[in-house]
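The values are calculated or read from the model by the stated rules, or taken from the named source; none is laboratory data. This one's a predicted model, so the numbers in the text were calculated from it and none came from an experiment. Here the Cβ positions follow ideal geometry from the backbone for every residue, glycine too, while neighbour counts run over all protein chains shown. Accessible surface areas use protein heavy atoms only, side chains included; no ligands, DNA or RNA. Shrake-Rupley method; radii C 1.70, N 1.55, O 1.52, S 1.80 Å.
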Amino acid sequence: MSSSVTAGRQISLLAICQALLYINNVTLISINGLAGLTLSPTPLFATLPITAYIVGSALTTVPASLAMARWGRRAGFMFGTGMAIVGTSIAALGMMSGSFLLLCLGTFCTGVYNAFAQYLRFAAVDVADAYDPALKERAISWVLAGGIAGGLIGPELSKLTVGLLPVTFAASYLVLAGVALIAGAVASRLVIPKPVVSASAAAARPLSAIARQPAFVVAVMVGAISYGGMNLLMTATPLAMKVCGFGYPEAADVIKWHVVGMFAPGFFTGHLIRRFGVLKVMFAGCVLMFLTVGIAHAGLTYWHFWFALFALGVGWNFMFVTATTLLTTTYSSAEKAKVQGVNDLTVFVTMISSSAASGALVSTSGWTDLNLYALPALVLATAGTVFLMRRPAHAPLKHA
């Protein structure tokens, strides 16, 4: 079997894992805030189940990277899916027993799954390095594109299951346990060789030296801001639409098209990067994020929500794919685990802040003003991108 065929098969399996991850994630996005509102002692805490999910991810992301460096990607992904089964089952029990604490514990455990599964995009780089290095940018983009299934299936799944049991949302969490079980079965078929490290791990640079690279700083910053800004607005959307008089089906549809915007560009983002360069596509993503804020601030109709969230999704895709691609040029194989772990930890810490603030800000400031809080971070991401664009092209590291 040729290397390109093997690479294609492994990338396809990773894309399926990504699809199943985002069926889980998007369904949780659609229901966690509303489930929290049902059980929370105050509306200010409605998004705490979402925050617990992200805290679980943040606390696990560095250990997940180190564990997979030792035991392999497949073992890590399968462990993560096991935690998803445990977490969604606990969340269902929380709904059925009326326990806000159990709901948050369940989403925390499911966040552990998310931490491991976020490395699917880096596993795509491992596949490209092992079988066909020319595929790197497209492999990242194609695997992320698998998340489009989450946009199409997740909201529909939540609408079908939200009232399936006497307790609202309980069935939705139980169905997600089944989705995670399928994801584990798919992950068990992965065969991803560990990269051959030509230098010993002792020769790896300290993190402080790696972090002094402008490309590293911009890659981590843009990746964190893209996810933090997106999470701030996306988390608040179902609550804001409820306040504006829209029903759950309308909110679920807006989330669906937002996630389509997040992942549909994955079919061509890699080609755009190869044609125009990583920084120009990154800058386009920043522009789309500013467009999101402008649309959201302009009105409260269904179509204002729809277009704002769709633009938010596409902007996130351009920023996050380019940030990931840029990051892979800043480290060697011996440095990979710690750099990827620190990068994703930064992303999740940013998401914790944005999700924790989201419910309180939309309750106190309203949807239109909430969007303005994203502007300072977007200005910073844009400034960093322009700074790199004006520098002489940096020479990317060759992976050892």
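Of the conditions (1) open to solvent by 30 Å² or more (accessible area, probe 1.4 Å); (2) closer than 24 Å to Ile352 by Cα; (3) aliphatic (A, V, I, L, M), Ile182 clears all except one; give me its number.
Checking Ile182 against (1) open to solvent by 30 Å² or more (accessible area, probe 1.4 Å); (2) closer than 24 Å to Ile352 by Cα; (3) aliphatic (A, V, I, L, M), the one that fails is (2).
Evaluate the following for Thr330: is it out of contact with any Lys or Arg (no Cβ under 8 Å at 6 or more places or on another chain), part of a loop (DSSP other than H, G, I, E, B), open to solvent by less than 50 Å² (accessible area, probe 1.4 Å) and touching a residue at least 60 places away in the same chain (Cβ under 8 Å)?
Against the criterion (out of contact with any Lys or Arg (no Cβ under 8 Å at 6 or more places or on another chain), part of a loop (DSSP other than H, G, I, E, B), open to solvent by less than 50 Å² (accessible area, probe 1.4 Å) and touching a residue at least 60 places away in the same chain (Cβ under 8 Å)), Thr330 qualifies.
Residues of region 86-119 being assigned to a helix (DSSP H, G or I), open to solvent by 20 Å² or more (accessible area, probe 1.4 Å) and of a type in the set (Gly, Ala, Ser), which ones?
Residues satisfying the conditions are Ser89, Ser97.
Based on what the data block shows, is Thr235 assigned to a loop (DSSP other than H, G, I, E, B) and farther than 28 Å from Ala69 by Cβ?
no
Assuming Ala199 fulfils every condition listed in (1) in a loop (DSSP other than H, G, I, E, B); (2) modelled with pLDDT of 85 or more apart from one, which condition is it?
(2)
Could you tell me which numbered condition Phe267 fails, if it satisfies all but one of (1) open to solvent by 50 Å² or more (accessible area, probe 1.4 Å); (2) touching a His at 6+ places or on another chain (Cβ under 8 Å)?
All conditions pass for Phe267, except number (2).
With respect to the numbered conditions (1) farther than 30 Å from Ala252 by Cβ; (2) of a type outside the set (Gly, Ala, Ser); (3) open to solvent by less than 10 Å² (accessible area, probe 1.4 Å), which one is the sole condition not fulfilled by Lys336?
For Lys336, the exception is condition (3).
Take Gly56 and decide whether it is crowded, with 24+ Cβ neighbours inside 10 Å, in contact with a Ser or Thr (Cβ under 8 Å, 6 or more places away or on another chain) and under 20 Å from Thr161 (Cβ atoms).
Spelling it out, it is not the case that Gly56 is crowded, with 24+ Cβ neighbours inside 10 Å, in contact with a Ser or Thr (Cβ under 8 Å, 6 or more places away or on another chain) and under 20 Å from Thr161 (Cβ atoms).
Scanning for something of a type in the set (Ser, Thr, Tyr) and closer than 27 Å to Val321 by Cβ, does region 211-232 turn up at least one residue?
Within region 211-232, one or more residues are of a type in the set (Ser, Thr, Tyr) and closer than 27 Å to Val321 by Cβ.
Given the conditions (1) modelled with pLDDT of 90 or more; (2) among the aromatic types (Phe, Trp, Tyr); (3) open to solvent by 10 Å² or more (accessible area, probe 1.4 Å), report the number of the one that Tyr131 does not fulfil.
Evaluating Tyr131 over (1) modelled with pLDDT of 90 or more; (2) among the aromatic types (Phe, Trp, Tyr); (3) open to solvent by 10 Å² or more (accessible area, probe 1.4 Å) leaves (1) as the failure.
With the condition kept exactly as written, say whether any residue in region 72-85 is more than 25 Å from Asp126 (Cα to Cα) and either open to solvent by 10 Å² or more (accessible area, probe 1.4 Å) or in contact with a Gly (Cβ under 7 Å, 6 or more places away or on another chain) (or both).
Checked region 72-85: at least one residue is more than 25 Å from Asp126 (Cα to Cα) and either open to solvent by 10 Å² or more (accessible area, probe 1.4 Å) or in contact with a Gly (Cβ under 7 Å, 6 or more places away or on another chain) (or both).
Taking Ala130 and the conditions (1) assigned to a helix (DSSP H, G or I); (2) under 24 Å from the mean Cα position of the chain (by Cα), which numbered condition does it fall short on, given that it satisfies the others?
(2)
What is the residue count in region 39-53 for residues that are of a type in the set (Gly, Ala, Ser), over 16 Å from the mean Cα position of the chain (by Cα) and crowded, with 23+ Cβ neighbours inside 10 Å?
Final tally of qualifying residues: 1.
Of the numbered conditions (1) among the small types (Gly, Ala, Ser); (2) open to solvent by 10 Å² or more (accessible area, probe 1.4 Å); (3) not in a loop (DSSP other than H, G, I, E, B), Gly245 fails exactly one; give the number of that condition.
(3)
Scan region 214-242 for residues that are farther than 17 Å from Leu309 by Cβ, in contact with a His (Cβ under 8 Å, 6 or more places away or on another chain) and open to solvent by less than 20 Å² (accessible area, probe 1.4 Å) and report the count.
1
Residues to consider are Leu300, Leu272, Leu291; find the one that is open to solvent by 10 Å² or more (accessible area, probe 1.4 Å) and closer than 22 Å to Leu135 by Cα.
Result of the check over Leu300, Leu272, Leu291: Leu272.
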